[in-house]
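J.: Structure provided below as structure tokens; questions to follow.
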Amino acid sequence: LHAKELYNVQPDGEKEFVNLQGFAARGFEGFCLVGVSDLDICEFIDNYALSKKGVKAMSLKRSTITDAGLEVMLEQMQGVVRLELSGCNDFTEAGLWSSLSARITSLSVSDCINVADDAIAAISQLLPNLAELSLQAYHVTDTALAYFTARQGHSTHTLRLLSCWEITNHGVVNVVHSLPNLTALSLSGCSKVTDDGVELVAENLRKLRSLDLSWCPRITDMALEYVACDLHRLEELVLDRCVRITDTGLSYLSTMSSLRSLYLRWCCQVQDFGLKHLLALGSLRLLSLAGCPLLTTTGLSGLVQLQELEELELTNCPGATPELFKYFSQHLPRCLVIE
């Protein structure tokens, strides 16, 4: 709901908060509010019958919520266990210290300019039951990742560090030792992380089922050797824009029998020979080769051997011709081919 949708303008120019009874009658327990202020949130709490206990998830986007507003919202809305803050630049790290509640199990913070290392300190101290953390913050450093303790080690299974440009392999050390039970890890856009960081992940986070290394330009084929050797449970691997990955790297992946989803978008060195290695991945259900410029029609046609494939993405592939799509429709009839 956008801020302007929350009010009806009366003939005399007065604004009246909209009737949300229809939402309450259907038991809505999650809301995304866009462009709202502290006052708008207070009005929402007062006017939505289920706000105090029945709302489990709140998302605030591009909003001017302040520390005080955040505190009131989480104090009043006692049912909220999943919280997302995106593009909210008026709250500070002090607001997180004063408002975060131990009941929160999922937290996502992105594009909030006042979020840096102290925010992680607040999260690690105040959220012992946190299962899922997604953080996109340009100013977070390795120091912040040292705040994670054994408290999160038991509960946290998903960590997404998105475009955290300052994080290096030293930060990865802290993550793998503090959060040994992770099943999903994203280092997407953490551009200082190298193969050594991936080796740390592979050796220490053996429970991983999903690993996202997209937009990590320093990652090479060596990282994929580490992944293939140690992460035997891995089901999803995202390598979009890992521009140093070559056919050699794909040869290492050929042993990963659990892999179900593989994303190689804009991996500009991958060639037909590399695709042959992927034919050994019998569990593969989703393969994205979007934007891979060196793949030919002949090389791509060999993918019909992956009979269990359910989705194949070939957008912006010069080798993906109308004739090829027709061939796939005949030989991979159950596969959604995205042109």
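J.: On the given criteria, is VAL80 crowded, with 18+ Cβ neighbours inside 10 Å, at pLDDT 95 or above and on the phi < 0 side of the Ramachandran plot?
T.: Judged against the criteria, VAL80 is a match.
J.: Pairs under 6 Å by beta carbon, first residue assigned by the TED database to the domain that holds LEU213 in region 263-275, partner of a type in the set (A, V, I, L, M) and assigned to a helix (DSSP H, G or I), six or more apart or different chains?
T.: Going by the 6 Å Cβ cut-off, the qualifying pairs are GLY274/LEU250.
J.: Within region 67-163, which helices (runs of 4 or more DSSP H) (wholly inside it) include 2 or more residues that are within 19 Å of the chain's Cα centre (by Cα) and not aliphatic (A, V, I, L, M)?
T.: Output list reads 150-155.
J.: Which is of a type in the set (Gly, Ala, Ser) and under 18 Å from the mean Cα position of the chain (by Cα), of SER258, SER188, SER251? Break it down into steps so the answer makes sense when it comes.
T.: Numbers: SER258 fails: under 18 Å from the mean Cα position of the chain (by Cα); SER251 fails: under 18 Å from the mean Cα position of the chain (by Cα).
The unique qualifying residue is SER188.
J.: Moving to a separate point now. In region 27-38, is there at least one residue being touching a residue at least 40 places away in the same chain (Cβ under 8 Å) and farther than 27 Å from ALA137 by Cβ?
T.: So far as region 27-38 goes, yes, one or more of its residues are touching a residue at least 40 places away in the same chain (Cβ under 8 Å) and farther than 27 Å from ALA137 by Cβ.
J.: Mind listing whichever residues of region 44-75 are closer than 16 Å to LEU1 by Cβ, modelled with pLDDT of 95 or more and crowded, with 17+ Cβ neighbours inside 10 Å?
T.: PHE44, VAL55, MET58, LEU60, LYS61, SER63, THR64, ILE65, MET73, listed by residue number.
J.: Taking the criterion of being over 26 Å from LEU182 (Cα atoms), touching a Lys or Arg at 6+ places or on another chain (Cβ under 6 Å), at pLDDT 95 or above and assigned to a loop (DSSP other than H, G, I, E, B), would at least one residue in region 268-289 satisfy it?
T.: Within region 268-289, none of the residues are over 26 Å from LEU182 (Cα atoms), touching a Lys or Arg at 6+ places or on another chain (Cβ under 6 Å), at pLDDT 95 or above and assigned to a loop (DSSP other than H, G, I, E, B).
J.: Only one of these conditions is not met by LEU224: (1) over 20 Å from the mean Cα position of the chain (by Cα); (2) assigned to a loop (DSSP other than H, G, I, E, B). Which number is it?
T.: (2)
J.: Say we look at region 307-339 and pick out the residues that are in contact with a Gly (Cβ under 8 Å, 6 or more places away or on another chain) and not acidic (Asp, Glu); which of these is surrounded by the most Cβ atoms within 10 Å (Cβ to Cβ)? Please lay out each step first, then the result.
T.: Just the residues of region 307-339 that are in contact with a Gly (Cβ under 8 Å, 6 or more places away or on another chain), to begin with: 308, 315-317, 319.
Right, trim to not acidic (Asp, Glu) and you get 315-317, 319.
Working: THR315: 12, ASN316: 14, CYS317: 20, GLY319: 18.
Looking at residues that are in contact with a Gly (Cβ under 8 Å, 6 or more places away or on another chain) and not acidic (Asp, Glu), I get CYS317.
J.: Within region 1-43, how many residues turn out to be surrounded by 13 or more Cβ atoms within 10 Å (Cβ to Cβ) and outside any helix (DSSP H, G or I)?
T.: Count: 14.
J.: Cβ contacts < 8 Å: first residue over 14 Å from LEU200 (Cβ atoms), restricted to region 157-177; second residue surrounded by 19 or more Cβ atoms within 10 Å (Cβ to Cβ) and among the acidic types (Asp, Glu), any location; separation 6+ or different chain. Result?
T.: ARG160/ASP212; GLU166/ASP142
J.: Is it fair to say VAL270 is more than 26 Å from CYS317 (Cα to Cα), touching a Ser or Thr at 6+ places or on another chain (Cβ under 9 Å) and among the β-branched types (Val, Ile, Thr)?
T.: Spelling it out, it is not the case that VAL270 is more than 26 Å from CYS317 (Cα to Cα), touching a Ser or Thr at 6+ places or on another chain (Cβ under 9 Å) and among the β-branched types (Val, Ile, Thr).
J.: Please indicate, with yes or no, whether at least one residue in region 245-254 is outside any helix (DSSP H, G or I) and surrounded by fewer than 22 Cβ atoms within 10 Å (Cβ to Cβ).
T.: yes
J.: Then there's this: Pick from region 176-200 the residues that are in contact with a helix residue (DSSP H, G or I) (Cβ under 9 Å, 6 or more places away or on another chain) and within 21 Å of CYS112 (Cβ to Cβ): which of them is surrounded by the most Cβ atoms within 10 Å (Cβ to Cβ)? Working first, answer last.
T.: If we filter region 176-200 for residues that are in contact with a helix residue (DSSP H, G or I) (Cβ under 9 Å, 6 or more places away or on another chain), which is where we start, we get 176-182, 185, 187, 190, 192-200.
If we keep only those that are within 21 Å of CYS112 (Cβ to Cβ) as well, we get 187, 190.
Working: LEU187: 29, CYS190: 26.
Per the criteria, the residue is LEU187.
The values are calculated or read from the model by the stated rules, or taken from the named source; none is laboratory data. The shown structure was predicted, so the numbers you read here are calculated from the model rather than taken from an experiment. When we count neighbours, we look across all protein chains shown, and the Cβ atoms used for this are built from the backbone with ideal geometry, even at glycine.
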